[in-house]
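As structure tokens, the structure follows; a few thoughts come after it.
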């Protein structure tokens, strides 16, 4: 994993970051790079747009627009922990507002990181709540299940499978992969990481891909500073991904936003490790930050929104966009290995 620029030491903090739009400058010059990204928006003009009642802001110019991450490519929206049992008729209902962001961004496709529908993910609840908001993007959504999808009285993942159908089970299993340009995306079911069939499939899938860049996503994060904390169920999968030189892991489960410096499966800082993005702020009630993990670079809670990922043939970066339309955080820019 190559970061533009990479700080000499990880930007871990000793306590939770305040819930505001703080930006953190990152790094030093990488050898051979004349214009490193500095992680700060330019003090230039801004563009305003009104969509779904929300005033959306985007910088017209960025000092951090490194060519590897901001060049032409494609955009993806990601979030987990989405549809509470509420509708737009309630002003406190968040998933209609996060759906309005997806509508505005109009990404190539949408990644959901589990717990798509609360509380028991029954088919009738998907139809009554999720479908009225995020269902507008169902055809281009690439979902994975969370633990709430296993609580369905009709059977584990029954409502999830009935609602999404072949979109969630394109190969007849709850895990699958797909390609876009120079990227290989792997959708995994962390409810069954203890099942040999999924691990064997993952090994074969990683061995078969010819794409330079690889991203994987599942529900339960290996590392989290939130209420659920670290979940070691993902450690064997993390090791396989790092051995295959994957780039990025996206998770949900804890209801906050968090990004990590590249690290290995044992939590050691590693420039050849995976970048983890935790995006559990899609609509479910926020969780507190409990214990800040060593490689955590940024944590934001009490904020609903979506992650806007920018992919090119050589790298990636992302922005966290809140339901008020403002950019709450901007990641460093990374180059694929």
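Read the figures in this text as sums done on the coordinates, not as results from a lab. For clarity, every value in this text was computed on a predicted model and none was experimentally measured. Reconstructed Cβ throughout: ideal geometry from the backbone, glycine too, with neighbour counts over all protein chains shown.
Restricting to Cα pairs below 8 Å that are 6+ residues apart, what does the relative contact order work out to for the range 189-247? Please round to a whole percent.
On the way: 41 pairs, mean separation 23.9, N = 59.
Computed value for the range 189-247: 41 percent relative contact order.
Round to a whole angstrom and tell me the spacing of the C-alpha centers of the range 92-137 and the range 275-327.
Rounded to whole Å, the Cα centres lie 17 Å apart.
In the range 134-232, what % of DSSP beta bridges are antiparallel (nearest 5)? If you can, show how the numbers build up before the last one.
On the way: 5 of 10 bridges.
For the range 134-232, the DSSP antiparallel bridge percentage is about 50.
Taking a ≥ b ≥ c as the square roots of the eigenvalues of the Cα gyration tensor of the range 87-244, is the shape rounded (a/c under 1.5), prolate (a/b larger than b/c) or oblate? List each step's numbers first, then the result.
Details: a/c = 1.68, a/b = 1.44, b/c = 1.17.
Prolate.
Starting from the 7 Å offset along Cα-to-Cβ, what nm value, one decimal, do you get for the label separation of residue 210 and residue 158?
Between residue 210 and residue 158, the simple spin-label model gives 4.4 nm.
For the range 245-318, rounded, prolate or oblate, judged on the Cα gyration tensor with a ≥ b ≥ c (square roots of eigenvalues), a/c < 1.5 rounded, else prolate if a/b > b/c?
Values: a/c = 2.56, a/b = 1.31, b/c = 1.96.
Note, shape of the range 245-318 comes out oblate.
Please figure out what share of the DSSP beta bridges in the range 194-332 is antiparallel and state it in percent, rounded to the nearest 5.
Numbers: 20 of 27 bridges.
Around 75 percent antiparallel, to the nearest 5.
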